[in-house]
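Structure, as structure tokens:
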Amino acid sequence: MKRINFLIPGLLVLMSMSSCSTIFTGTKQSITFTGEPGVRIYKNNNKIAEIDNGGTTTVKIHKSLSSTNLIAKKEGYRNTPLILSSVFNPISAINLFNPIGWIVDLGTGAACKYDDTVITVEMLNENAQP
């Protein structure tokens, strides 16, 4: 009986320290880009992906509480801005009244997710009229 008296409070402490979105959905999300082969995708001036000969590529991008700005580049084409819109991740609601769970989910960005998981990149030729 003494074991159960220690086990239940221990489990309650562990559960109260969990952060549901971080555990269940992670801090990164897979985003697929489709478009012309050779298009490179940049985040903060760092290349994160390049569309392959099949016309697609998938990359894991760290979740954010706000929208994420990306740029698609290809020689001979205008740079194309892309925006990943961030929305509330309903899995976070499982935290309920657990402030530690909310802090972890908000701090890691897992409290939100990207709305679109497939982005079609349309590039304009440098010489094309706007």
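The values are calculated or read from the model by the stated rules, or taken from the named source; none is laboratory data. Keep in mind it's a predicted model, so treat the numbers as computed, not measured. All Cβ positions, even for glycine, are placed from backbone atoms using ideal geometry, and neighbour counts span all protein chains on display.
See the values below:
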quantity: Enumeration of residues in region 98-118 that are charged (D, E, K, R) and either out of contact with any Phe, Trp or Tyr (no Cβ under 9 Å at 6 or more places or on another chain) or surrounded by fewer than 18 Cβ atoms within 10 Å (Cβ to Cβ) (or both); calculated: D105, D115, D116
quantity: Cβ pairs under 6 Å, 6+ apart, first in region 39-51 and free of Cβ contacts under 8 Å to residues at least 24 places away in the same chain, second of a type in the set (S, T, N, Q) and surrounded by 10 or more Cβ atoms within 10 Å (Cβ to Cβ); calculated: A49/T57
quantity: Any hit, region 119-129, residues being more than 12 Å from T22 (Cα to Cα), free of Cβ contacts under 8 Å to residues at least 40 places away in the same chain and either of a type in the set (K, R) or buried (at least 17 other Cβ atoms within 10 Å of the Cβ) (or both); calculated: no
quantity: Residue in region 9-17 that is exposed (fewer than 14 other Cβ atoms within 10 Å of the Cβ) and modelled with pLDDT of 95 or more present; calculated: no
quantity: Selection count, region 18-48, where residues are within 21 Å of C112 (Cβ to Cβ) and part of a strand (DSSP E or B); calculated: 9
quantity: In region 93-113, residue farthest from S30 (Cα to Cα) [restricted to those that are in contact (Cβ under 8 Å) with a residue 40 or more places away in the chain and in a loop (DSSP other than H, G, I, E, B)]; calculated: N98
quantity: Subset of region 75-92 [within 22 Å of S30 (Cα to Cα) and outside any strand (DSSP E or B)]; calculated: S85, N89, P90, I91, S92
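Every residue, every condition in (1) of a type in the set (V, I, T); (2) assigned to a loop (DSSP other than H, G, I, E, B); (3) within 30 Å of G101 (Cβ to Cβ), yes or no:
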{"position": "G54", "(1), (2), (3)": "no, yes, no"}
{"position": "T58", "(1), (2), (3)": "yes, no, yes"}
{"position": "I61", "(1), (2), (3)": "yes, no, yes"}
{"position": "S66", "(1), (2), (3)": "no, yes, yes"}
